[in-house]
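Inspection log for the structure reproduced underneath, given as structure tokens.
The values are calculated or read from the model by the stated rules, or taken from the named source; none is laboratory data. Keep in mind that what you see is a predicted model, and the values were worked out from it rather than measured. Cβ atoms come from the backbone with ideal geometry, glycine included; neighbour counts cover every protein chain shown. Protein only, heavy atoms only, side chains kept; ligands, DNA and RNA dropped before computing areas. Shrake-Rupley method; radii C 1.70, N 1.55, O 1.52, S 1.80 Å.
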Amino acid sequence: MSNDKLYVRQICFLFLAFALPVKLITMPALAAKYAAEDLWISAAINFTPDLAMVFAICMLAKKFDGQTVFEIVENKFGNIGKTIFSVTFGLFFLFKAYLPLIEHRNFIEIALYETTPALWIFLPVFLFSAFMSYKGLRGAGRTADIAIWFTVSGIIVIAALSITAADVTNLLPIIDVPLGKIAEGSLNTSIWFFDSPYLLFCLGHFKPEKNQTKKIVLSYLGMALITLVYMAILQSEFGALTERQFFSPIKMGKYSVSVSNIGRIDYIAVCSMIFSYLFGCCLPLIFSTVCLEKTFRFKHRIIPCLIVNGFMAAIIVLTEDYYFLIRSFFQNYLVPVFAVFTLIPLVGFCFKSNKKELKEKSCAF
């Protein structure tokens with residue numbers, strides 16, 4: 001992993017191509033359940049602290065120029081501190097991967113199968129994820145260069161088909177929902193956010209570029225705005241029924257005149273979303289594998305990849321029938337835990353960098 005170097009463009013695409021689709025499957029409908037037509041405000045509340053943390057981590061990249069997060073922790077807390085850090089964040093990424101994986105499985109079943117398939121049909125996903133984990137950040141970055149086109153084209157087609165059936169009055173009145181309900185919607189959907197730790201583990205893997213902080217922050221802001229517009233279109237199309245529109249990409253646009261005349265052309269966009277969503281599910285498992293590599297020594301890099309993905313596959317098999325129960329557990333108990341992990345990078349500002357800052361590199365920020 002230490003040899004994996006990414007272009008800033010690829011860092012940006014990790015958010016736009018991989019993290020974005022994860023937020024469009026069930027989160028909008030769940031937000032509408034609490035915040036009704038103000039569902040987009042609940043999402044905006046969740047994006048705000050993550051956006052601030054993305055900026056903060058970019059500042060840490062400037063402060064600890066060229067150092068990875070593991071090097072920073074080891075320099076300040078020693079090898080034991082690095083081990084504890086690796087184990088805890090490895091578990092964080094495993095938990096973060098759970099809901100997207102279950103939702104991806106259900107999304108595929110609803111979109112592509114007429115009858116519910118056996119669970120084993122989904123299990124090859126973990127072999128693919130193990131392969132992506134083996135390729136590391138560099139492989140993820142190169143894949144993001146391709147997946148961004150699938151994500152963007154899929155969203156554009158779905159949005160274009162939906163707009164013809166949308167009624168913007170379904171978004172009115174703005175901020176008429178009680179603030180308590182908006183806050184409740186924000187709290188119950190926040191588990192789908194907390195994306196800034198991805199950037200934390202990319203520290204030391206940037207190829208310095210001019211204005212890279214601006215580019216990364218704007219890419220996350222762009223992801224947020226696309227999500228909010230998508231949610232607004234969803235609400236405009238379905239109104240009071242939005243809270244029932246789980247797996248929204250296959251629900252939106254199907255009432256368009258184009259779909260009625262030509263057929264389900266929206267499924268082209270849905271398949272594009274499925275492709276990108278798959279990599280979004282793999283992303284936290286990639287970082288969890290990195291943490292395991294830093295915790296123990298392995299004879300071959302494939303071993304931690306198989307351990308992490310094999311463990312997650314076993315968890316999915318054992319808990320597939322308890323999705324709603326586990327989702328409630330995440331919402332009620334793990335949101336504060338995820339918030340703590342997201343805020344941990346702020347501790348870095350209490351430390352002094354033990355590397356000499358190079359003027360030509362710092363100018364890139």
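For the stretch 82-90, check the following and say yes or no: at least one residue is surrounded by fewer than 20 Cβ atoms within 10 Å (Cβ to Cβ) and on the phi > 0 side of the Ramachandran plot.
Among the residues of the stretch 82-90, not one is surrounded by fewer than 20 Cβ atoms within 10 Å (Cβ to Cβ) and on the phi > 0 side of the Ramachandran plot, which makes the answer no.
For the stretch 209-263, name all the residues that are more than 17 Å from the chain's Cα centre (by Cα), outside any helix (DSSP H, G or I) and in contact (Cβ under 8 Å) with a residue 12 or more places away in the chain.
Correct list: GLU209, LYS210, ASN211, GLN245, PHE246, LYS251, MET252, GLY253, LYS254, TYR255, SER256.
Quick check on the stretch 39-80: of everything there that is open to solvent by less than 20 Å² (accessible area, probe 1.4 Å) and among the small types (Gly, Ala, Ser), which residue is farthest from the chain's Cα centre (by Cα)?
ALA61
Give the residue that is nearest to SER236 (Cα to Cα), with candidates limited to residues of the stretch 172-182 that are out of contact with any Ser or Thr (no Cβ under 8 Å at 6 or more places or on another chain) and among the hydrophobic types (A, V, I, L, M, F, W, C). Walk me through it before giving the result.
Within the stretch 172-182, the first condition is being out of contact with any Ser or Thr (no Cβ under 8 Å at 6 or more places or on another chain), and the residues that meet it are 172-181.
Filter again for among the hydrophobic types (A, V, I, L, M, F, W, C), leaving 172, 174-175, 177, 179.
Details: LEU172: 9, ILE174: 13, ILE175: 15, VAL177: 16, LEU179: 21 Å.
Taking the candidates together, the pick is LEU172.
Determine whether ILE72 is free of Cβ contacts under 8 Å to residues at least 40 places away in the same chain, part of a helix (DSSP H, G or I) and farther than 23 Å from ALA224 by Cβ. Write out each step before concluding.
On the way: free of Cβ contacts under 8 Å to residues at least 40 places away in the same chain: no; part of a helix (DSSP H, G or I): yes; farther than 23 Å from ALA224 by Cβ: yes.
Considered against the rule, which asks whether it is free of Cβ contacts under 8 Å to residues at least 40 places away in the same chain, part of a helix (DSSP H, G or I) and farther than 23 Å from ALA224 by Cβ, ILE72 comes out as no.
LEU318: open to solvent by 40 Å² or more (accessible area, probe 1.4 Å), in a helix (DSSP H, G or I), of a type in the set (A, V, I, L, M) and within 21 Å of LEU30 (Cα to Cα), yes or no?
Values: open to solvent by 40 Å² or more (accessible area, probe 1.4 Å): yes; in a helix (DSSP H, G or I): yes; of a type in the set (A, V, I, L, M): yes; within 21 Å of LEU30 (Cα to Cα): no.
No.
Here are ARG297, ARG301: which of them is open to solvent by 50 Å² or more (accessible area, probe 1.4 Å), touching a residue at least 40 places away in the same chain (Cβ under 8 Å) and not hydroxyl-bearing (Ser, Thr, Tyr)? Reasoning before the result, please.
Values: ARG297 fails: touching a residue at least 40 places away in the same chain (Cβ under 8 Å).
Answer to the check: ARG301.
Give the number of residues within the stretch 191-200 that are in a loop (DSSP other than H, G, I, E, B), open to solvent by less than 10 Å² (accessible area, probe 1.4 Å) and in contact with a Ser or Thr (Cβ under 8 Å, 6 or more places away or on another chain). So that I can check it myself, show each step before the final result.
Looking only at the stretch 191-200, we keep the residues that are in a loop (DSSP other than H, G, I, E, B), and these are 193-195.
Of the ones still in play, those that are also open to solvent by less than 10 Å² (accessible area, probe 1.4 Å) are 193, 195.
Cutting the leftovers down to in contact with a Ser or Thr (Cβ under 8 Å, 6 or more places away or on another chain) gives us none.
Number of matching residues: 0.
Quick one: which of PHE128, PHE193 is over 17 Å from SER276 (Cβ atoms), in contact (Cβ under 8 Å) with a residue 40 or more places away in the chain and within 24 Å of the chain's Cα centre (by Cα)?
Details: PHE128 fails: over 17 Å from SER276 (Cβ atoms).
Criteria check complete, one pass: PHE193.
Could you give me the residue pairs with C-beta distances under 7 Å whose first residue belongs to the stretch 329-345 and is within 18 Å of PHE47 (Cα to Cα), whose second residue is hydroxyl-bearing (Ser, Thr, Tyr) and open to solvent by less than 30 Å² (accessible area, probe 1.4 Å) wherever it lies, and which are 6+ apart or on separate chains?
Sorted first by the residue in the stretch 329-345, then by its partner, the pairs are VAL335/SER190; THR342/SER196.
Name the pairs: first residue in the stretch 164-190 and surrounded by fewer than 19 Cβ atoms within 10 Å (Cβ to Cβ), second residue assigned to a loop (DSSP other than H, G, I, E, B) and at pLDDT below 95, Cβ to Cβ under 6 Å, at least 6 apart or on different chains?
THR164/SER256; ALA165/TYR255; ALA165/SER256
For the stretch 25-36, indicate whether the set of residues that are among the hydrophobic types (A, V, I, L, M, F, W, C), in contact with a His (Cβ under 9 Å, 6 or more places away or on another chain) and in a loop (DSSP other than H, G, I, E, B) is non-empty. Before you say what the answer is, go through the steps one by one.
Filtering the stretch 25-36 down to residues among the hydrophobic types (A, V, I, L, M, F, W, C) leaves 25, 27, 29-32, 35-36.
From what is left, the residues that are in contact with a His (Cβ under 9 Å, 6 or more places away or on another chain) are 25.
Next, from what is left, pick out any that are in a loop (DSSP other than H, G, I, E, B): 25.
The answer is yes, given that some residue of the stretch 25-36 is among the hydrophobic types (A, V, I, L, M, F, W, C), in contact with a His (Cβ under 9 Å, 6 or more places away or on another chain) and in a loop (DSSP other than H, G, I, E, B).
When residues of the stretch 19-59 are filtered for being of a type in the set (A, V, I, L, M) and within 14 Å of LEU241 (Cα to Cα), how many remain?
We begin by selecting, within the stretch 19-59, every residue of a type in the set (A, V, I, L, M); these are 19-20, 22, 24-25, 27, 29-32, 35-36, 39, 41, 43-45, 51-54, 56-57, 59.
Restricting the remaining residues to those that are within 14 Å of LEU241 (Cα to Cα) gives 29-32, 35-36, 39.
Of the residues in the stretch 19-59, 7 are of a type in the set (A, V, I, L, M) and within 14 Å of LEU241 (Cα to Cα).
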